[in-house]
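So the structure is just underneath, and the comments pick up after that.
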Amino acid sequence: MTKAVWGAAAIAALVCAVATTPAAAQQTIKREPIKAVEGISGSLTFRAYCAQCHGITGRGNGPAAGALKVAPADLTQIAKRHHGQFPANAVRNTIAGEQVVAAHGTREMPMWGPVLRSVDGQAVTELRLVNLVKYLEQIQEK
């Protein structure tokens, strides 16, 4: 595995360690290797890999949010920010690390594509990403 993937895996797993940390202790984040998750549904993938920062409802209020330099996005507002249209392809590319938004500055969010491929392999990762994007589309606020 490449150094970049290991680094991304460590960053990705760091949020798991923060998930059970009290709010006052969120100044530091313990980095751990990513662990495989059984099942590939969008909601399961979201809870396992995204909710620590974005919150269980996707509003950006997860237990690790306070330890980040930039607040996590409210994922329930993606369509609203795009004039009522959910940009599924752009969302998938952002999650996978294939699209970086220059206005966001440095990227604190792990590039999940390489991280998940290191655990799941290419085919499962692609299916996991498709399911995750569908889940995010379902949680959009009207």
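Computed from the coordinates by the stated procedures, all read-outs in this text should not be read as laboratory data. Everything quoted here is computed from the prediction, not taken from an experiment. Cβ: placed from backbone, ideal geometry, glycine included. Neighbour counts: every protein chain shown.
The table below lists the values:
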quantity: Evaluated over the stretch 31-127, the Cα radius of gyration and Dmax, each in Å; calculated: 13.4, 38
quantity: Efficiency of FRET between Gln140 and Arg31 - r from beta-carbon atoms, R0 22 angstrom, step 0.05; calculated: 0.10
quantity: Pairwise centroid distance, computed over Cα atoms, of the stretch 124-142 with the stretch 74-95, Å; calculated: 11
quantity: Residues of type lysines that Lys80 reaches as a straight line, Cα spacing below 23 Å, ignoring anything fewer than 8 places off in the same chain; calculated: Lys134, Lys142
